[in-house]
Amino acid sequence: DQQVKQNSPSLSVQEGRISILNCDYTNSMFDYFLWYKKYPAEGPTFLISISSIKDKNEDGRFTVFLNKSAKHLSLHIVPSQPGDSAVYFCAASGNAGNMLTFGGGTRLMVKP
Amino acid sequence: KAGVTQTPRYLIKTRGQQVTLSCSPISGHRSVSWYQQTPGQGLQFLFEYFSETQRNKGNFPGRFSGRQFSNSRSEMNVSTLELGDSALYLCASSLTPGTNYGYTFGSGTRLTVV
């Protein structure tokens, strides 16, 4: 049973436009969420996180939105750049110190 | 500042053999976690160590084991290898157990079982 799901395995966006990556979760005990970016042959790199006490967190071109009632979070990248092309994983945790449960990833391709 | 170092980068083993993978965390980091990445299952948690103690364990058979040394370096061992164990094994370190600080991942060890 996948507790964290990324239903879109891939997404293609034009450079300069907005990229929206989605993630759904089922475990209501999750209260901390993270996004990681992964390039081929490298480990995932931490991107941005959000606590369940917030509904939005912004860091430069990256914004994460959390809708607890819908158990849904999304990552917005504005404007998208070709260097953003990578696999993006969302992850969730029950509380600080717990293991991360990852989604299956979404491959983002930003076309010049 | 050196990142998380995993050795070896690539490994080919035969079914039935055993394998040991190594992870050196970022200097000062005392928490080490291991994840398995496969195309079908994504990233799955194996175990987490802090101060030489296993704090959490994922849903993997007993063939998968690990340990952490006093210098925070960690090893994981897989015995009686199966074809399905072929995967990218990722190690992540953090100052202390706690996702608030975010984990730093190594580049992984690509294990192929033939």
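Listing for the model above:
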| quantity | calculated |
| --- | --- |
| Point-charge dipole on Cβ atoms (K/R +1, D/E -1) for chain A, about Cα centre, debye to 20 | 160 |
| Only Lys, Arg (+1) and Asp, Glu (-1) charged, at Cβ; chain B dipole about Cα centre in debye | 140 |
| Binned Cα-Cα distances of chain A, short to long, each 5 Å bin given as a whole percent | 2, 13, 24, 25, 20, 10, 4, 1, 0 |
| Where labels lie 7 Å past Cα in the beta-carbon direction, separation of residue B:7 and residue B:95 in nm | 2.8 |
| Of B:56, B:46, B:24, farthest towards positive along the dipole that unit charges on Lys, Arg, Asp, Glu beta carbons give region B:1-102 | B:24 |
| Extreme residue, positive dipole direction of chain A, given options A:51, A:88, A:7 (C-beta unit charges) | A:7 |
| Whole-angstrom Cα spans of chain B along principal axes, big to small | 37, 27, 26 |
| Net charge over other residues, Cβ less than 13 angstrom from the Cβ of residue A:54 (K, R count +1; D, E count -1) | -2 |
| Accessible carbon and sulfur surface of region A:11-51 relative to its total accessible area, %, 1.4 Å | 53 |
| Members of A:37/B:13; A:5/B:13; A:68/A:111; A:54/A:111; A:5/A:68; A:71/A:111 lying beyond 26 Å, as alpha-carbon distances in this model show | A:37/B:13; A:5/B:13; A:68/A:111; A:54/A:111; A:71/A:111 |
| Summed buried accessible area for B+A [probe radius 1.4 Å, Å², rounded to 100] | 1600 |
| Antiparallel content of DSSP bridges confined to the protein assembly as shown, in %, to 5 | 90 |
| Chain B: relative contact order in percent, alpha carbon pairs under 8 Å with at least 6 residues between | 36 |
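The values are calculated or read from the model by the stated rules, or taken from the named source; none is laboratory data. Bear in mind that the values here come from a model prediction, so they are computed numbers and not experimental data. Methodologically, a virtual Cβ is constructed for each residue, glycine included, from the backbone with ideal geometry; neighbour enumeration extends over all protein chains shown. For accessibility, only protein heavy atoms count, side chains too; no ligands or nucleic acids. Shrake-Rupley method; radii C 1.70, N 1.55, O 1.52, S 1.80 Å.
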